[in-house]
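The structure appears right after this line, and notes come after that.
Any read-out appearing in this document is the output of simple, stated calculations on the displayed coordinates, not a laboratory observation. Quantities reported herein were computed from a predicted structural model and do not represent experimental measurements. Cβ atoms come from the backbone with ideal geometry, glycine included; neighbour counts cover every protein chain shown.
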Amino acid sequence: MTRTALRICPLCEATCGLSLVVDHDHGTGQERVTSARGDSEDVFSHGYICPKGASLAQLDNDPDRLDRPLIRRDGRLVETDWDSALALAVDGLNEVIATHGGPSVGFYLGNPSAHTVAGTMYAPLLIRALGTRNVFSASTLDQMPKQAATGYLVGHAGTFAVPDLDRTDHLVVIGANPMVSNGSVTTAADFPGKLTALRRRGGRLTVIDPARTRTAKLADTHLAPRPGTDAALLCAVVQCLFDEGLVADDLGGIAAHVIGVEDVRRELSDLTPERVAPHCGVAAEDIRALARSIAGSPTTAVYGRMGTTTVEFGTLGSWLIDVVNILTGNYDRPGGVMFPLAPTAPSPRPPRAGRGFRTGRWRSRVSGHAEVGGELPAVAMAEEFETPGDGRLRALVTVSGNPVLSAPNGGRLGRALDSADFVVCVDPYLNETTRHAHVILPPPRPSQSPHFDAILNNLAVRATARYSPPVLPLAAGRPDEIEIVARLILGLSGAGVGADPGLVDEQVIAATLSKEVTDPHSPVAGRSVESLIAMLPEAPGHQRRLDMQLRIGAYGDAFGTRDGLTFADLLAAPHGIDLGPMRPRLPGVLRTASGKVELAPDPLIGDLERLRSALDARGEGVGAEGRLLLVGRRHLRSNNSWMHNLPALTGGTNRCTLLMHPDDADRLGISDVAKVRGAGGSLTVPVEITSDIRPGVASLPHGWGHDVDGMQLSVATAEPGVNVNDLNDGTVLDPLSGTVVLNGLPVEIAPA
Ligand SMILES: Nc1nc2c(c(=O)[nH]1)N[C@H]1C(S)=C(S)[C@@H](COP(=O)(O)OP(=O)(O)OC[C@H]3O[C@@H](n4cnc5c(=O)[nH]c(N)nc54)[C@H](O)[C@@H]3O)O[C@H]1N2
Ligand SMILES: Nc1nc2c(c(=O)[nH]1)N[C@H]1C(S)=C(S)[C@@H](COP(=O)(O)OP(=O)(O)OC[C@H]3O[C@@H](n4cnc5c(=O)[nH]c(N)nc54)[C@H](O)[C@@H]3O)O[C@H]1N2
Ligand code: SF4
Ligand SMILES: [Mo]
């Protein structure tokens, strides 16, 4: 018996709808997923699929995936039953908290959490139950600068403006390679198709990247600056916009909602194209041409990702991207960058000022790093474990993270975890990080988990509402990831690890609705909480929460008082419900203290001094002898550190090699293998010589280096590659966001 089932792909931010083939396995007597295709009727992805999504069956059936929990006994990780493992996890954490206090437990949230119901709807509650401020995540290895920049601009760090890909006349992509990554902090299925469509409708594509990537190869214009210099380049673009009178009249219609334009003009007036050109390695005339082409197109969307965030001036660069969008009249308007409105977003309220965005509400104990967005820098974890004294970290909980490989200087973190009192990992693999655990709690296969994009819908270039129920059932007594996290929460909060996991949801529902009914602008203002709760479906807790959020949300039925969405509508529409293109949302989204877009926030203006000193200092010696700047890259058939275990995704061009320009290779006498040395250590790595990279720059992908003992990754360990993060000692951060520098890392390269 074969059947098909629909499920949204959980492997990247594109959220493609998949159609899975499910077969009866005569050997086990159970059903299994045997293949995946794009769902042509999906309202968001229309059939698009990439090689990772196409290998979902292999991921689902990976024999190395853990099914039963592991606990450490006499130094070894051994299988046990679920009740024992969960009880042990909670007892171990409670003991550390009782002895050393709540802050002695750290929490690390990894990337796949953005794609799971457990990660988006339950992990935040787990952090609260732990009662710790030592919260770390992949965000400070990734997009935290964008969060900080948007926080300062609009008053809320989660309110991103994303490029209106379907309608723009000119897309400017800075430090991103969406042809391969499929897009990030912009949820758009079939990004490659959208770039082709842009070209077909006569639009322009500009790419700014030191490497001639697959995206750059499609571009009308490709600028290849020196890594780490985009903030300076964008300062000059802004200066040029003012200097040449290219700032849009009335800022394209939003001038009444913006303050600080004059401050930006004054503060950047010395940063001319001529001043920054030698630092950026881009001709002043090319910078002016860029400014003119952005201002001259009917609409332009400027979009930046990893190459603009994980750099020394990540927050400045992310801010300047939106400054350019705003000054050219491309902010909050079709074809420019716009604020998505997700199906679970609150019903729009009348505009009101907020408290604004602040950082540094607390600081890390050892280095005094400021808290940003409720988090401390991921690279600070090791020192917080190692350094004796009050408030020292003694235990760690990870959910879907592999920081030992994915963060700089992971070896040091690994050693710190080996001497930690207690480590709990919610993770399906025994890998570089989880091998240090005392308890591993593996979530079930993707096919056994429900899917709803509670976070990524907030970044989607078109609004849709889609839900995937689990495709395959769980074995009796086998908790899903929601239940694993919920039971940890209950165990930590005193209700007991054996309590009904649905209690967690009922508490959220009661608290949310109690607040909602007292808000005069809520669509359920003045109604009784009990009567609203009585209208929720008899269903698993996460579905009850989703029903509540949809119904009080922007497109909701306001609990039966208007036409609108309920969770039942999502269940009845397995290919999803289209809710239309993005629409202007100013001033409603603003939560700054002024109630305006604050274009010239003090922390950003203040950071320009650091940029000015770099303008004069940086660059010296780079290119001389063996000094190059290292950047990263992603492979189409790879996903950070954890998908090298699928045979379908190995081999071919998916190789952990160092890309170098022929001029550099010649000069240094390198033909096939190089030795690379950074502040954190050195590596020997095979070289690919290509003119697709700027001279003076080398590129090495991350997520490799699977040659450590004690893991259960039989495919990945066979072709381990090297770990680029071993080169990085993790000491250079963007101070405004606590994000570590991963791109533009100085290294010495020599023949091996
Ligand atoms: N040098 C360098 N380093 C980088 C980057 C770079 O460009 N260059 N990129 C950075 C970026 S952008 C990111 S996002 C980080 C990622 O850093 P992390 O999020 O720490 O690591 P990942 O490699 O994504 O590993 C994800 C972990 O989640 C587990 N997992 C997979 N699916 C699930 C699930 O459904 N539930 C649970 N509970 N666990 C699951 C996997 O087994 C794996 O252990 O890496 C960063 N590191
Ligand atoms: N296939 C695949 N898809 C993925 C992932 C994956 O591992 N594999 N990871 C996912 C994750 S977690 C994320 S965060 C996204 C990331 O998505 P992207 O940011 O689109 O992906 P990257 O390949 O990191 O692209 C960064 C680009 O910046 C360039 N760059 C480096 N330094 C600089 C600089 O200083 N200035 C400029 N202008 N450019 C620079 C690099 O050459 C590179 O081309 O991808 C996601 N999608
Ligand atoms: S682009 Fe690929 S990995 Fe990303 S959601 Fe679509 S199918 Fe999945
Ligand atoms: Mo990421």
- Item | Mean-position separation - Cα centroids, the stretch 551-603 and the stretch 55-105, in angstrom | 38
- Using θ = phi - 60° and the Karplus curve 6.51 cos²θ - 1.76 cosθ + 1.60, what whole-Hz ³J(HN,Hα) does each residue of the stretch 296-313 get, with Gly and Pro shown as x? x, 6, x, 9, 9, 10, 9, 10, x, 9, 2, x, 9, 9, 8, 9, 4, 10
- Task: Determine the distance separating the Cα centre of the stretch 335-359 from the Cα centre of the stretch 473-549; give it in Å without decimals.
- Result: 24
- Query: Between the stretch 196-261 and the stretch 22-41, what's the alpha-carbon centroid distance in Å?
  - Reply: 45
- Reachable lysines from residue 217, criterion Cα separation under 20 angstrom, eight or more residues apart if same chain: 194
- Karplus (6.51, -1.76, 1.60) ³J(HN,Hα), θ = phi - 60°, over the stretch 194-209, in Hz, Gly and Pro reported as x: 6, 5, 5, 5, 4, 5, 5, 8, x, x, 9, 10, 10, 10, 10, 6
- A chain fully extended from residue 285 to residue 478 at 0.36 nm per residue, minus the present Cα-Cα distance, gains in nm 63.2 nm
- Query: Just the Cα atoms of the stretch 180-298, one point each, no solvent: what log10 I(q)/I(0) does Debye give at q = 0.16, 0.22 Å⁻¹?
  - Reply: -0.92, -1.25
- Query: Between residue 95 and residue 262, what is the label-to-label distance in nm when each label sits 7 Å out along the Cα-to-Cβ direction?
  - Reply: 6.5
- Work out Dmax and Rg for the stretch 465-579 from the C-alpha atoms and quote the Rg first, both in angstrom. 15.6, 46
- Using 7 Å Cα-to-Cβ label points, what is the residue 671/residue 573 separation (nm, one decimal)? 6.2
- Can you give the relative contact order of the stretch 230-274 as a percent, counting alpha carbon pairs under 8 Å and 6+ residues apart? 66
- Calculated P(r) tail over 20 Å for the stretch 600-733, as whole % of Cα pairs: 55
- Item | 3J(HN,Hα) from dihedral phi, the stretch 221-229, Karplus parametrisation 6.51/-1.76/1.60, rounded to Hz, x for glycine, proline | 10, 10, 9, 10, x, 5, x, x, 10
- Taking 734-743, 493-502, 164-173 and ranking on average Cβ neighbours within 10 Å, highest first, one gets 734-743, 164-173, 493-502
- Kirkwood radius from Cα pairs of the stretch 1-112 plugged into Stokes-Einstein at 37 °C, 0.692 mPa s, gives D in µm²/s equal to 188
- Item | Net length gained if the chain between residue 67 and residue 244 were fully extended (0.36 nm per residue, minus Cα distance) | 57.4 nm
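Full extension from residue 274 to residue 714: what is 0.36 nm times the residue separation minus their Cα-Cα distance, to one decimal in nm? Can you show the working numbers first?
Numbers: separation 440, 0.36 × 440 = 158.40 nm, distance 5.39 nm.
Length gained between residue 274 and residue 714: 153.0 nm.
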- Task: Report the relative contact order of the chain, percent, no decimals, based on alpha-carbon pairs under 8 angstrom and at least 6 residues apart.
- Result: 19
- Query: Taking amide H positions as placed 1.01 Å from N in the peptide plane, with prolines and chain starts having none, which residues 5 or more places from residue 396, or on another chain, fall under 5 Å of its amide H?
  - Reply: 106, 422, 423, 424
- Expressed in angstrom, Rg and Dmax over the Cα atoms of the stretch 113-227 are 17.3, 54
- Message: Once R0 is set to 56 Å, what does the formula 1/(1 + (r/R0)^6) return for the Cβ-Cβ distance between residue 539 and residue 731, expressed as a FRET efficiency to the nearest 0.05?
- Response: 0.70
- Query: Got a sec? How would 481, 375 order by Cβ neighbour count within 10 Å, fewest to most?
  - Reply: 375, 481
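Within 10 Å, count the other beta carbons around each residue, average over each peptide in 563-569, 386-392, and list them highest first.
563-569, 386-392
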- So for the chain, what percent of the C-alpha to C-alpha distances run longer than 41 Å? 28
- Message: With both bridge residues required to lie in the chain, what share of the DSSP beta bridges run antiparallel, to the nearest 5%?
- Response: 55
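Mind ordering 643-649, 484-490 by average Cβ neighbours within 10 Å, highest first?
Top of the packing list down: 484-490, 643-649.
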- FRET efficiency, residue 563 to residue 128 (Cβ-Cβ, R0 30 Å, nearest 0.05): 0.25
- Cα to Cα, under 22 Å, and not fewer than 8 places away if on the same chain: which lysines meet these conditions relative to residue 675? none
